[in-house]
Amino acid sequence: MKTSLRNVIVLAALAASIAGSATAGDKPECKMFGKTADGKEVMLFTLKNANGMTMEIMSYGCIVTKLTAPDRDGKFADVVLGYNTLEEYIKATPYFGAIVGRYGNRIAHGKFTLDGKEYTLFCNNSPGDIPCALHGGKVGFDKVVWDAEPVSKPGVQGVKMHYVSKDGEEGYPGNLDVTITHSLTDKNEYRLDYELKSDKATPANVTHHGYFNLKGEGNGDILGHELLIKADKTTPVDKGLIPTGALKPVKGTPFDFTTAHTIGERVNADDEQMKFGGGYDHNWVLNSQDGSLASAVEVFEPTTGRAMEVLTTEPGVQFYCGNFLDGSNVGKTGKPYKFRNGLCLETQHYPDSPNHPEFPSTIIQPGKTYKSTTIYRFSTRK
Ligand code: GLA
């Protein structure tokens, strides 16, 4: 009995070393990535899993700079868009791989009223020439340095990122305390666990803004990716990309992804919503609305066999197909990221919720911790 147990342990250790497992509670590697203009050090963490996946994430903006996944033949590619250096991220990025907040997506005219008081935010975006606050404003969560602490347990390598957004920052009330644990698991998942607390009531809608291309970053457009979204409705927008307040059934429209369709199939359809977004850039109302962790989206890239499933506790997902990419951002392998070369699946509450009492509330109440989880799970198919 004793001998066989020892054999099992020896075999398990051998198997782990063959697979290159670095996850038996090991801490991620950490190195200096650079400094911001005001001299703050930015750290880069390298997370690995037992199946050979690698993820790099930095403390500036919690930006995921690299995420590798195997294809159906076991060949790895980096499936997220981004740059090689901190300087490029600081200079110009359409939120590549970043955490956005306090409020992911748009708040109309940069204004909302809470408990009888009107708040004014910085308007940093103006689709259809209508100003709005987008993704946190002038200096959002994607442009600040977070405290970072490696956290790992068997089967999981993680980094806990922490940032306190001060009362009044970007015009929002309350000191908002945000902790996000980013993990790479041996189940081939990038997992985000969010915890938000505030000392005053304040709106918040924090999300991950990674651009995925399952063919590998820099390998062309995402129009051949097949998509399935577990949502029967969207929140249609006006020409300023602000929700009208309606919940519109997807049935019979190019927004129906309740069965799988390629992104390219209907993206140029003669449809007013599609014209406003310049393609898909909308919030889907997920069928799962009870706050439990549920499967929301499935993506499949037929030429490589790579698949990604998105699970979330959030009630919505913004599917954006890279309509604003125009080749001006040159990526980490020297290739320009052109029109629709990446896709985002931003799990979230609905855009402009502070101005839509009919939508699920985004108000963080003092004394209560808001918790949320999203998982990007990678696999392959024939
Ligand atoms: C989100 C928005 C888009 C755009 C991108 C960033 O997905 O919905 O309209 O702002 O972020 O370019």
query = Dividing the convex hull volume of the Cα atoms of region 97-233 by its residue count, what figure in Å³ per residue is obtained?
reply = 173 Å³
ask   = So what is the 222 nm mean residue ellipticity for the chain from helices alone, if each DSSP H run of at least 4 adds -39500 (n - 2.57) and you divide by all residues, rounding to the nearest 500 deg cm²/dmol?
value = -2000 deg cm²/dmol
query = So how long is each side of region 29-380 along the principal axes, counting just the alpha-carbon atoms, biggest first, in Å?
reply = 58, 50, 38
task = Determine the shape class of region 192-307: with a ≥ b ≥ c the square roots of the Cα gyration tensor eigenvalues, call it rounded for a/c under 1.5, and otherwise prolate if a/b is greater than b/c, oblate otherwise.
result = oblate
Phe324, Phe257 arranged by Cβ crowding within 10 Å, fewest neighbours leading = Phe324, Phe257
task = Straight distance only, please: which lysines reach the Cα of Lys332 with their own Cα at less than 26 Å, same-chain residues fewer than 8 apart left out?
result = Lys27, Lys31, Lys35, Lys40, Lys48, Lys66, Lys75, Lys91, Lys138, Lys143, Lys160, Lys215
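Throughout, read-outs are computed from the coordinates displayed, never taken from laboratory work. Since we're looking at a predicted model, the values are computed, not measured. A quick note on method: Cβ atoms are made from the backbone with ideal geometry, for glycine too, and the neighbour counts reach across all protein chains shown.
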